[in-house]
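The values are calculated or read from the model by the stated rules, or taken from the named source; none is laboratory data. This is a predicted model, so every value here is computed, not measured. Cβ atoms come from the backbone with ideal geometry, glycine included; neighbour counts cover every protein chain shown. Ligands, DNA and RNA are excluded from the accessible area calculation, which covers all protein heavy atoms including side chains. Shrake-Rupley method; radii C 1.70, N 1.55, O 1.52, S 1.80 Å.
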Amino acid sequence: MKQNLIAGEWRGSADASENRNPSDVTDLIGLYASGTATDVEDAAQAARAALPGWVAAGPQRRSDLLEAVAQALFARVEEIGTLLAREEGKTLAEGKAETMRAAQVFRFFSGEALRMPGDCVASVRPGVGVEVTREPVGVVGLITPWNFPIAIPAWKIAPALAYGNTVVMKPADLTPGCAHALAEILVEAGVPAGVFNLVMGRGSVVGSAIVRHPQIDAISFTGSVPVGRGLAIEAAQSLKKVQLEMGGKNPMVVLDDADLDVAVEACLNGAFYSTGQRCTASSRLIVQAGIHDAFVERLSAAAQALKVGHALDPATQIGPVASESQLAGNLDYVDIARKEGAEVVGGERLNGETQGFFQRPALFLNATNAMRSSREEIFGPCASVIKVADFDEALAVANDTEFGLSSGICTASLKYAREFRRRSAAGMVMVNLPTAGVDYHVPFGGRKGSSHGPREQGRHAAEFYTVVKTAYEFAG
Ligand code: UN1
């Protein structure tokens, strides 16, 4: 059994969770510990006890640790990328790219550890000095999802440690393998006991215990809207600082003047790569009437030609859906879209050579923005195509959603590109680029139902992982 890391020691549990390959359920990756509230208690106490030492360790020590983790990840891209593809179902190329990204995130925050932000300003009172500094927020609880099992842990752990916090982390029960590998790397790199704790297990047990624990000062969560909302309500009881990254129903507008090749490629990537299991996926393709038919013809053909299969087969372009229940949900939405009057292209379950959760990419043609299939996040390889008359209607439809994570427009017009950037109610806006697949060194996050609290990633991560202190002094 792969064990939890608590107070610098590996600890097993009475129950274990099976980690199986969604490309082939006969492939058992391993048994992973299923932690308890007691494990969270011990991890939180250990993180609290380790905090003063980690704060005192200073920027150089923290920078060195993160650099060592980055180097270990770079050296093990093949191995961890393969594990990722096996446990989550991303293609091997995607799994390796995500591992690279995790390494780059650690390298970036290795630098940021040396640049703890602060300001020195003159007071409005003569003779008084004012210094605005940042301190670690304390013990942070990190709760991560199954769809980016190495990158999301990386972009939460790296800034947490860089800015001097200690960590209790719970990875998704479906994909604990990469997080466990990362914990091993942290230990090999010399993370002090208690500074980083890994408690794997169920959300209802481990996640809840983290959210309620009085010794945990802040929670960073990526996952679904209902879980995020419940978490924020619970965390408010103890006034924890909260950062939530949740769903999306991201629009990609295609105007008549778009380069058709660029638009088809951006939509194919945004809607279907990583099997559509990205909160930044393009799930509403909003297409102007003049280009609509040509676009639909090209995109439908390209989507149906994508090779769906075992994530480790080098010919595969779209890996399996991550779990049986996720696939069942996707297939329900295909039915819902059909009953709502959309013309469905693809979307059926596929039988591969292995027992996996394969699904053909689905397009819901002639959809309206009012349909449930256009309003609710599916989190699978499914996208609605909504026809609009002009830019104004496209923008209105794009913004007519309870989400606001990422949005995109394909156009050759500087005027419309600018106008869209300005008026899109999303945290991230892409011009002639897919809505998904973001850089690792700039802020990530959205508006409305997609995000809550400060941004993740880049220098903006300091806002969540530090607290401000304003110090005044008078020399006499
Ligand atoms: C990306 O599109 O590059 O859970 C990243 C997610 C997001 C990450 C998307 N938090 O899908």
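Laid out as a table, the results:
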quantity: Any strands (runs of 3 or more DSSP E) falling wholly within the range 76-168 and containing at least 2 residues that are open to solvent by less than 40 Å² (accessible area, probe 1.4 Å), of a type in the set (Gly, Ala, Ser) and assigned by TED's automatic domain parsing to the domain that holds Cys178; calculated: none
quantity: The listed residue being farther than 23 Å from Lys96 by Cα and among the polar types (S, T, N, Q), out of Gln355, Gln359, Gln317; calculated: Gln355
quantity: Residue within the range 171-180 that is assigned to a helix (DSSP H, G or I), within 16 Å of the ligand (Cβ to nearest atom), more than 19 Å from His460 (Cα to Cα) and in the same structural domain as Pro59 (by TED's automatic domain parsing) present; calculated: yes
quantity: Every residue from the range 224-274 that is part of a loop (DSSP other than H, G, I, E, B) and on the phi > 0 side of the Ramachandran plot; calculated: Leu239
quantity: Exclusive hit being touching a residue at least 40 places away in the same chain (Cβ under 8 Å) and either more than 16 Å from Ser282 (Cα to Cα) or within 16 Å of the ligand (Cβ to nearest atom) (or both), set Ala471, Ala417, Ala396, Ala370; calculated: Ala471
quantity: Condition met for Ala425 (part of a loop (DSSP other than H, G, I, E, B), crowded, with 16+ Cβ neighbours inside 10 Å and more than 16 Å from the ligand (Cβ to nearest atom)); calculated: yes
quantity: Pair list, Cβ < 9 Å and 6+ apart or interchain, from the range 213-237 residues that are in contact (Cβ under 8 Å) with a residue 60 or more places away in the chain to residues that are open to solvent by 70 Å² or more (accessible area, probe 1.4 Å) and outside any helix (DSSP H, G or I); calculated: Val225/Glu402; Gly228/His452; Ala232/His452
quantity: Residue list for the range 400-422, restricted to those being aliphatic (A, V, I, L, M) and assigned to a loop (DSSP other than H, G, I, E, B); calculated: Leu405, Ala412
quantity: Any hit, the range 306-313, residues being assigned to a helix (DSSP H, G or I), in contact (Cβ under 8 Å) with a residue 24 or more places away in the chain and surrounded by fewer than 20 Cβ atoms within 10 Å (Cβ to Cβ); calculated: no
